[in-house]
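Q: Below is one structure. I have some questions about it.
Every number here is computed from the coordinates shown, using simple stated rules; none is lab data. Quick caveat: nothing in here was measured; it's all calculated off a predicted structure. As a convention, Cβ positions derive from the backbone with ideal geometry for all residues, glycine included, and neighbour counts pool all protein chains shown.
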Amino acid sequence: MTDTTSPTAQLSAIGVSIWLDDLSRERIASGGLQKLIDERNVVGVTTNPTIFAAALAKGDAYDAQVAELAKAGTGVSDAVFEITTDDVSDACKIFAPVYEKSGGQDGRVSIEVEPGLAHDAAGTIAEAARLWAKVDKPNALIKIPATIEGLEAITETIAAGISVNVTLIFSLERHRQVINAYLTGLEKAKAAGLDLSKIYSVASFFVSRVDTEINNRLDAIGTDEAKALKSKAGVANAQLAYELFVGAFESERAKGLLAAGANKQRPLWASTGVKDPTLPDTLYVTQLAVADVVNTMPEKTLDATFDHGVIEGDEVTGSYAAANQALDAIAGLGISYDEVTQLLEKEGVEKFVVSWNELLDTVSAALEAAK
């Protein structure tokens with residue numbers, strides 16, 4: 001029975017959807033995932049190549065499937081596709097009751113297009129359709145990175161009636177473009193006669209990575225003023241992303257689509273594990289609590305929040321002036337917001353490509369061993 005007084009329950013009551021930023025076959029098979037739904041208010045899951053690489057590298061939960069794939073002579077890329085889509089499909093089944101109860105908002109399980117396609121719009125569109133068809137569950141979300149090429153892919157994937165988790169958003173300008181890509185996709189879907197109420201999207205706005213990069217630059221400056229601004233950028237940036245979201249979905253364009261049955265593209269706070277040990281380990285949860293958002297947490301952050309998170313209510317609405325002041329002060333020290341966010345997007349894609357290659361290596365070795 002879920003404790004209605006726990007910090008995670010309080011977050012849910014505010015309107016924050018808690019998703020777990022992790023998935024493994026062991027977690028699915030052991031009942032561990034169901035336990036988090038029952039006891040920690042978890043209502044969704046996000047995955048990425050790093051998560052799958054870690055899951056496959058430990059334990060024996062994948063051995064039987066790997067042996068079958070090896071026997072069939074399956075290539076490594078196809079094997080990765082089979083293994084990861086099976087996990088996501090199984091997790092979607094576990095979350096089906098949450099999906100039904102929430103009217104489709106939650107109970108979502110995300111799977112990412114191959115990160116090597118981040119700058120290939122046509123390739124991303126094709127891969128998104130392939131993943132969607134293979135998982136074959138209405139509560140799946142296909143993750144597409146918010147690169148310039150990704151924007152076109154987001155529009156066309158939404159236009160095809162496929163629900164999308166847009167990932168790797170670091171800047172407010174890119175967030176604005178992502179919302180536009182979503183609305184354009186909805187307009188195309190509507191023109192094609194699709195049911196807009198069945199199409200969902202979240203916009204994954206990254207938090208801690210912004211702090212890490214800007215903190216390094218503040219440390220290099222080293223003045224008292226610079227030190228006072230440490231770890232202010234990530235939260236401020238996300239708070240302003242929420243302001244942008246609210247405004248965008250109050251526009252006449254969005255209102256027309258919402259009236260036709262469309263859903264808002266909720267912000268999803270990603271990268272919410274605190275990297276700096278001097279900061280509260282629940283910082284990116286408590287400071288970004290507000291209605292109509294998702295917070296996808298690594299298990300360590302989820303445990304910390306459940307154990308000792310102090311939920312004060314809506315920490316975002318009303319924060320915009322202070323958030324702008326913080327970012328202006330950082331800019332005033334000569335730190336370029338555009339340069340930082342462009343670097344983080346580039347690094348974000350590169351890190352997932354590295355993880356993807358690790359995943360291929362792990363599966364390749366497993367297939368060889370199984371032969």
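Q: Too long at a 21 Å Cα-Cα cut-off: which of LYS143/LYS198; LYS71/LYS351; LYS227/LYS275? Could you put the intermediate results ahead of the total?
A: Numbers: LYS143/LYS198 17 Å; LYS71/LYS351 32 Å; LYS227/LYS275 17 Å.
Violating the 21 Å limit, Cα to Cα: LYS71/LYS351.
Q: ALA291 label point, 7 Å along Cα→Cβ, cut-off 16 Å on backbone N: hits in the stretch 197-223?
A: It comes to no residues whatsoever.
Q: Can I ask one more? Between the stretch 105-166 and the stretch 1-80, what is the C-alpha centre distance in whole Å?
A: The stretch 105-166 and the stretch 1-80 have Cα centres separated by 19 Å.
Q: If each residue of separation counts as 0.36 nm, what is the full-extension length gain between LYS35 and GLU350 once their alpha-carbon separation is subtracted? Intermediate results must be reported in sequence, preceding the final value.
A: Working: separation 315, 0.36 × 315 = 113.40 nm, distance 3.39 nm.
Gain on extension, LYS35 to GLU350, equals 110.0 nm.
Q: I need the peptides 88-94, 161-167 ranked by packing, meaning the mean over residues of other C-beta atoms within 10 angstrom, with the highest value on top.
A: Output ranking for 88-94, 161-167: 161-167, 88-94.
Q: What does the helix-only formula give at 222 nm for the chain: each DSSP H stretch with n ≥ 4 adding -39500 (n - 2.57), the total divided by the residues, and the result rounded to the nearest 500 deg cm²/dmol?
A: Values: 17 runs with 217 residues, N = 371.
Value at 222 nm, helices only: -18500 deg cm²/dmol.
Q: Would you please put 203-214, 304-315 in order of how densely packed they are, using the mean number of other Cβ atoms within 10 angstrom per residue and starting with the highest?
A: 203-214, 304-315
Q: Quick one: dipole size for the chain, taken about the Cα centre, charges +1 on Lys/Arg Cβ and -1 on Asp/Glu Cβ, in debye to the nearest 20.
A: Details: 32 positive and 53 negative charges, 141 e Å.
I would put it at about 680 debye.
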